[in-house]
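To start, the structure under review is shown below, and the notes come after it.
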């Protein structure tokens, strides 16, 4: 699997480097205009930067999902995919390598994003940031969260885990939709539209299962006994993710013409 | 006689068309076979099922005692007609890829064959001509010490000089313990090349 990942990464490292260089240049340009040229207040400048980083995160996420999807569909729909599918690797290894490569790529995007965010805000606005955090408005907002640090950290951690598992399941749902379309429904017309419909059905099904489980646990009042809402969703997403992974790998191995 | 490959009632359909219908076939170890037939007779479909790229609609295909899958891919070397080598790679990386993925890949033999085929490791796949790509496909396929070689239309659309080189390479790579199946719809051309 590591060898498969190696070639995926070699294939895309240049494109990633070019993309991240462009992001770096745009970030520098925005900083120069906002922090250097603008005559507005610090707060307005920070708000503008906040919008920029919000947009950047959205762009990163969309491109990440498109790229990970392409990693799989490109191999299935192009003859160059034979290079991978002729090798003595099971569907599990091939899919696993693509998901892990995608996660590494996502991690790289996230690290770059956090570095740019930290450099932009802490580097240029550390003084107004400190003032803002000490301001009455900010402290009163924070005090609204009735949590100690000991409670806040696990809360944030379980939130992050839930976000992470949800993103992985989103990728696996896309892979499963492509796999079902290319195998069980290979001989049906309107392939692209069909993939989209299957994807939406799988997302809907996932939502239904999640809400059913959460409602059941809620009724049993288990959340009050130390089981957190986010932990339940994370565990559920892991189970659904494993099911989607096994389904896709099985179809790739046993049912799919590539 | 040892049977290396056995097809039992092998059938493959695409939409309403049947590419293969109840194919029964036995291929022995250590022999060279020609799979001859007109376009659309199912030669490529058979190869792709044997290589694990297509799944049969019904029937079975056994290679060396196991059904087509991860195990059979370890000792089956398939050369498709299509340009399947990644265009972004240089020839050196194609060799790296094969060396990483196949335990039976002989890099030294591949390097020697590259010279014979007038190819260099620093060439990019995307910059190769049709004939050069065909020669490269042949180099990496035959550099494997596989038990079964499936060569799909190796001479199709290839210039005379490349044909000669490709046929020489196939012959020089033959071993007593390997089986080769070469498909072609140009029966006379394959015969002529083989007789040389």
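No lab work stands behind these numbers, since they all come straight from the coordinates. Bear in mind the structure is a predicted one, so any value in this text is a computation, not a measurement. Here the Cβ is made from the backbone with ideal geometry for all residues, glycine too, and neighbour counts use every protein chain on show.
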### Message
Let me understand chain B better: what is its radius of gyration from the alpha carbons, and its Dmax, in angstrom?
### Response
16.4, 47
### Task
Measure nothing fancy, just the Cα-based angle from helix B:160-173's long axis to the longest principal axis of chain B, in degrees from 0 to 90, nearest 10.
70
### Task
Could you check the simple spin-label distance between residue A:14 and residue A:47, using points 7 Å along Cα→Cβ, in nm with one decimal?
4.5
### Query
Where the convex hull is taken over the Cα atoms of segment A:1-144, what is its projected area averaged over directions, in nm²?
11.4
### Ellipticity estimate at 222 nm from DSSP helix runs (n ≥ 4, -39,500 (n - 2.57)) divided over chain A, nearest 500
-28500 deg cm²/dmol
### Helical mean residue ellipticity (222 nm; -39500 (n - 2.57) per DSSP H run of 4+; nearest 500) of chain B
-10500 deg cm²/dmol
### Task
Can you tell me the 0 to 90 degree angle between the C-alpha axis of helix B:107-116 and the longest principal axis of chain B, rounded to 10?
70
### Computed FRET value (nearest 0.05) for residue A:166 with residue A:90, which takes r as the C-beta separation and R₀ as 30 Å
0.70
### Message
I need A:100, A:172 ordered by Cβ neighbour count within 10 Å, fewest first.
### Response
A:100, A:172
### Summary
hull vol. (C-alpha, convex hull) per residue for the protein assembly as shown, Å³ -> 192
### Query
With springs only between Cα atoms under 10 Å, which of A:140, A:183, A:21 fluctuates most in a Gaussian network model of chain A?
A:140
### Message
Please report the spacing between the Cα centers of segment A:76-110 and segment A:113-155 in Å, no decimals.
### Response
39
### Query
For residue B:29 and residue B:187, FRET efficiency with R0 = 35 Å and r from the beta-carbon atoms, rounded to 0.05?
0.90
### Task
Sticking with the crude label model, points 7 Å out along Cα→Cβ, report the distance from residue A:209 to residue A:243 in nm, one decimal please.
0.2
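Most exposed first by the Cβ proxy, i.e. fewest other Cβ within 10 Å, how do B:16, B:135 rank?
On the way: B:16 6, B:135 24.
Ranking B:16, B:135 by Cβ neighbours within 10 Å, fewest first, gives B:16, B:135.
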### Task
Kindly put B:76, A:216, A:80 in sequence by how many other C-beta atoms sit within 10 Å of each C-beta, fewest to most.
A:216, A:80, B:76
### Task
Provide a whole-number value for the mean count of partner chain Cβ atoms within 10 Å of the Cβ atoms in peptide A:76-86.
6
### Query
For residue A:140 and residue B:103, FRET efficiency with R0 = 56 Å and r from the beta-carbon atoms, rounded to 0.05?
0.25
## Note on the structure
Largest fluctuation, B:14, B:47, B:105 only, Gaussian network model of chain B with Cα springs under 10 angstrom, belongs to B:14
### Task
For chain B, with a Gaussian network of springs between Cα atoms less than 10 Å apart, report the residue from B:114, B:61, B:53 with the top mean-square fluctuation.
B:53
### Message
Classify chain A from the C-alpha gyration tensor, please: rounded if a/c falls under 1.5, else prolate or oblate depending on whether a/b exceeds b/c.
### Response
oblate
### Summary
Relative to chain B, whose Cα atoms define the longest principal axis, helix B:130-142 and its Cα axis are tilted in degrees, nearest 10, by 70
